[in-house]
Amino acid sequence: LQIFYLASNNFGGGIPLSFFGNWKAMIADKNDGSLSKSDHLQFEILKFSQVYYQDRVTVTSKQQQMELVKILTIFTAIDLSCNKFEGQIPEGLGELNALYILNLSHNAFSGRIPPSLGNLKDLESFDLANNNLSGNIPTQITDLSFLSFLNLSGNHLQHQIPMLIQRIPFFGILYQLK
């Protein structure tokens, strides 16, 4: 599974803590950083290359909905936005270290942001806006060196914002807190 898109479906309830455990296409090999060699759907375009593509899909990234016509198999996304999911964000999400887009906005998630999300080193877009999250913003978020969009607004989070922003390595980040 490379793209998991359940946005705007009125789904509710909690997400089991082990829910993301077998999503091998979203986990990079810890030894060499490459994507796992799982048997997810793909077809070869160029005979002389290892480049694979999937069919077209519409995704939301950086608050923009876009249709991707050709998708490299290294592209991974989870979008559960605009539902009624509640409870804690599963720590197991932090194991999906090949994830590019994570959108959990507009739900009823509560508790803290798991520090394990700092393991998502390839994450480019991270949206947790409009939930019931509380506590400190984990400093591990500053380890996300490819992050270009971060939205934490509409929660009950605490942190010294200037210090956190200074530690974020990418200059073009959008950071919002309410």
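Judged by the mean number of other Cβ atoms found within 10 Å, the most tightly packed of the peptides 106-119, 133-146 leads the ranking 106-119, 133-146. Between N132 and N9, full extension at 0.36 nm per residue minus the direct alpha carbon distance yields a gain of 42.4 nm. Once the C-beta distance of V57 and F146 is scaled by a Förster radius of 22 Å, the resulting FRET efficiency is 0.60 to the nearest 0.05.
Segment Q158..F19, full-extension length gain: 47.2 nm, with 0.36 nm per residue of separation and the alpha-carbon distance subtracted. Among 123-131, 148-156, sorting by the average number of other beta carbon atoms lying within 10 angstrom of each residue, highest first, gives 123-131, 148-156.
Readers should treat all values here as calculations from the given coordinates under stated rules, not as data from a laboratory. Quantities reported herein were computed from a predicted structural model and do not represent experimental measurements. Using ideal geometry, Cβ is built from the backbone for each residue, glycine included, and neighbour counts are taken over all protein chains shown.
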